[in-house]
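Enquirer: Before I ask anything, let me first share the structure, which is written out below as structure tokens.
Read-outs: derived from the displayed coordinates by stated rules, not from any lab. Keep in mind it's a predicted model, so treat the numbers as computed, not measured. All Cβ positions, even for glycine, are placed from backbone atoms using ideal geometry, and neighbour counts span all protein chains on display.
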Amino acid sequence: MIGLCLGLAGGAWVSLPLHDFTLAWQHSIEKIRWEEDYRLTPAGLILMEARVHGNGAGMEIPDDAQLRDGAWVYHRPLPPLQPLHAGRTPEAGDYEVCTADGCRPLSYWLGPPSKDVAAVDFWACELPSGTAQRAALP
């Protein structure tokens, strides 16, 4: 079974039994929500769609974006990401992992963002049959 692994440098800190998820965060300066929908495949994370709930300094909306339900929606064709590397610091706030069951901050699984470990990787990983460290959104 494929799942989502969270960790750094190939070391998984937690694995979640997901097939798809939304990665969400607040822009650290403009305080505007960004969301990216990913599907997990053996090749990596496939970016399906992205949304930006506003615009501001340093936040250029792609030319092909469409305004839908208060958010700029766009698709950026990228090869599978394996891993997706993201900075994670106390000053910038935390990411959320969202599924059909709701959203949880990464701190739910990893503890709060830290200056000592200022990044996290997301990658598609094979989960052992019948095991998961913690259900994604209990």
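Enquirer: Using +1 on the beta carbon of Lys and Arg, -1 on that of Asp and Glu, and nothing else charged, what's the dipole of the chain about the Cα centre, debye to 20?
Expert: 280
Enquirer: Based only on Cα atoms, what mean projected area does the convex hull of the range 1-78 have, in nm²?
Expert: 6.5
Enquirer: Go through the range 106-112 residue by residue and turn each phi into a ³J(HN,Hα) via Karplus (6.51, -1.76, 1.60, θ = phi - 60°); whole Hz please, and just put x for glycine and proline.
Expert: My calculation for the range 106-112 gives 4, 4, 4, 9, 10, x, x Hz in order.
Enquirer: Tell me, which longest segment in the chain has none of the GluC sites (Glu not before Pro) that fall in DSSP loops with at most 15 further Cβ atoms within 10 Å?
Expert: Answer - 92-138.
Enquirer: Extent of the range 1-131 along each principal axis, from alpha carbon coordinates, in Å, largest to smallest?
Expert: 42, 31, 27
Enquirer: Based on alpha-carbon centroids, what's the gap between the range 1-33 and the range 48-111 in Å, whole number please?
Expert: A separation of 10 Å, based on Cα centres.
Enquirer: Okay, moving on. Would you please name the trypsin sites (Lys or Arg not before Pro) within the range 47-138 that are DSSP coil residues with at most 13 other C-beta atoms within 10 Å of their C-beta?
Expert: Counting only loop positions with at most 13 other Cβ atoms within 10 Å, the trypsin sites (Lys or Arg not before Pro) in the range 47-138 are K115, R134.
Enquirer: Mind listing the long-range amide H neighbours of R88? Cut-off is under 5 Å, sequence gap 5 or more, other chains count too, H placed in the peptide plane at 1.01 Å from N.
Expert: A119, V120
Enquirer: Something else: Each residue of the range 92-104 in turn: what ³J(HN,Hα) in whole Hz from Karplus with 6.51, -1.76, 1.60 and θ = phi - 60°, glycine and Pro shown as x?
Expert: 8, x, 10, 7, 10, 9, 10, 9, 4, 7, x, 10, 9
Enquirer: Arrange L18, L81 by Cβ neighbour counts within 10 Å, fewest through most, would you?
Expert: L81, L18
Enquirer: State, as an integer percentage, the relative contact order of the chain based on alpha-carbon contacts under 8 Å between residues 6 or more apart.
Expert: 31
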